[in-house]
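Below you'll find the structure, written out as structure tokens, and then a few comments.
The values are calculated or read from the model by the stated rules, or taken from the named source; none is laboratory data. From a predicted model like this one, the values you see are computed outputs, not experimental measurements. Neighbour counts run over all protein chains shown; Cβ positions are idealised from the backbone, glycine included.
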Amino acid sequence: MTRTLLLTGAAGGMGRACARLFGATHDLVLTDVAAAPLESFAQDLTNEGYSVRQARAGDLGDASLLAPLVADLGTDGPVTLVHTAGLSPAMGDWKTILTVNLVATVKLLDAVEPVLTPGSVAVVIASTAGHMLPQSPDWLQILDSPLDPDLTEKLTPIVEGMAQGATEYLPGIGYSLSKQAVLRLVEQRARSWGQRRARIVSISPGLILTPMGRKELAETQGAAQMMDAAPVGRGGRAIDIALAAQFLASEQAAFISGTDLRVDGGSVAGLRFAGATNPS
Ligand SMILES: NC(=O)c1ccc[n+]([C@@H]2O[C@H](COP(=O)([O-])OP(=O)(O)OC[C@H]3O[C@@H](n4cnc5c(N)ncnc54)[C@H](O)[C@@H]3O)[C@@H](O)[C@H]2O)c1
């Protein structure tokens, strides 16, 4: 039986690569806030012979989008969710970034969970930024209640304290916090997904040369640092992420759940051990 893929951020760089790769074996339910690019991409896919069951434009943070999206999945078997939608530091203020990257992710998982059947799997795109930020109970206990209406208010003194008056750092701090929380969310949900015989995993991309990655390279310093630190010696391609997602969603990854895969060309390792020599 053909499986169905719910793909968020479908009009984005990673989304497009995932649609084409997964589309070889899945019916596609596509969603993105960018309505016109989504519609034209869905039309291209259909013209190329892919099975696009639905292309539904909307903001993932909008509760009225989620119920129809889940209904689009149907009830005829296990589902695959690949969640790529998100904002980077150059794309918004820290509160908006946190709301899209974390709060909308929680709402999406909450919406999908009632229809999970055995064999279902979610691949959530996090970021190496979540690994580079040290963990602190100061913010983790706040991030553990992501649907608290006072979430950003409670985080404000922490975020502003970390920025130490440098307001240009606020979006990056919000981004790192959001992605660290997503990494933790995937670990937290693994038990309840397992009870449904379903798996949930995350991928942390390094610098990937998508529209988002190129914007970060043009407008921030951290992105170039991340790319230059990659021991493999190049920036990532969207297909690198799609191939990792395909593996994690496959039966070959049946024993992998509640964990993260860094697909970063080794950037995190390179940054952590910059200047170190090999022990002999
Ligand atoms: N590109 C990189 O270097 C990089 C690195 C680490 C992590 N990531 C993460 O990978 C994911 C995908 O990034 P990408 O490079 O494909 O970016 P992209 O900007 O090319 O695509 C992201 C898509 O998400 C959509 N989107 C944004 N906000 C939305 C919302 N509220 N509701 C619905 N859709 C929304 C956008 O319209 C866009 O099409 C993101 O979560 C990003 O944080 C990217």
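Summary table
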{"quantity": "Test result for D27, buried (at least 17 other Cβ atoms within 10 Å of the Cβ), within 15 Å of the ligand (Cβ to nearest atom) and of a type in the set (D, E)", "calculated": "no"}
{"quantity": "When residues of segment 134-154 are limited to those that are touching a Leu at 6+ places or on another chain (Cβ under 7 Å) and hydrophobic (A, V, I, L, M, F, W, C), the one nearest to T80 (Cα to Cα)", "calculated": "L143"}
{"quantity": "All positions within segment 227-280 that are without any contact (Cβ under 8 Å) to a residue 12 or more places away in the chain and either assigned to a helix (DSSP H, G or I) or in contact with a His (Cβ under 6 Å, 6 or more places away or on another chain) (or both)", "calculated": "D228, F247, E251, Q252, R272"}
{"quantity": "Criterion: under 30 Å from L30 (Cβ atoms), surrounded by 18 or more Cβ atoms within 10 Å (Cβ to Cβ), of a type in the set (S, T, Y) and touching a Phe, Trp or Tyr at 6+ places or on another chain (Cβ under 9 Å) - qualifying residue of S127, S176", "calculated": "S127"}
{"quantity": "Segment 1-24, subset more than 9 Å from the ligand (Cβ to nearest atom) and closer than 17 Å to P68 by Cα, residue farthest from the chain's Cα centre (by Cα)", "calculated": "T4"}
{"quantity": "Residue count for segment 34-79, restricted to those that are free of Cβ contacts under 8 Å to residues at least 40 places away in the same chain, part of a loop (DSSP other than H, G, I, E, B), under 26 Å from T117 (Cα atoms) and more than 15 Å from the ligand (Cβ to nearest atom)", "calculated": "1"}
{"quantity": "Which listed residue is at pLDDT 95 or above, touching a strand residue (DSSP E or B) at 6+ places or on another chain (Cβ under 9 Å) and either hydrophobic (A, V, I, L, M, F, W, C) or closer than 30 Å to A166 by Cα (or both), from L66, L28, L73", "calculated": "L28"}
{"quantity": "Members of segment 91-122 found to be β-branched (V, I, T), surrounded by fewer than 17 Cβ atoms within 10 Å (Cβ to Cβ), closer than 23 Å to P78 by Cβ and more than 14 Å from the chain's Cα centre (by Cα), listed by number", "calculated": "V115, T117"}
{"quantity": "Top-ranked residue of segment 185-197 - restricted to ones that are farther than 21 Å from L102 by Cα and either part of a helix (DSSP H, G or I) or touching a strand residue (DSSP E or B) at 6+ places or on another chain (Cβ under 8 Å) (or both), ranked as nearest to the ligand (Cβ to nearest atom)", "calculated": "G194"}
{"quantity": "The lone exception for T152 - which of (1) buried (at least 17 other Cβ atoms within 10 Å of the Cβ); (2) not in a helix (DSSP H, G or I) it fails", "calculated": "(2)"}
{"quantity": "Single condition L271 does not satisfy, out of (1) surrounded by 13 or more Cβ atoms within 10 Å (Cβ to Cβ); (2) within 21 Å of the chain's Cα centre (by Cα)", "calculated": "(2)"}
{"quantity": "Odd one out for V100 among (1) in contact with a Phe, Trp or Tyr (Cβ under 9 Å, 6 or more places away or on another chain); (2) under 24 Å from E216 (Cα atoms); (3) hydrophobic (A, V, I, L, M, F, W, C)", "calculated": "(1)"}
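This table checks each residue for (1) within 13 Å of the ligand (Cβ to nearest atom); (2) closer than 23 Å to A19 by Cα.
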| position | (1), (2) |
| --- | --- |
| L102 | yes, yes |
| S120 | no, yes |
| I142 | no, no |
| D150 | no, no |
| V159 | no, no |
| G165 | no, no |
| Y169 | no, no |
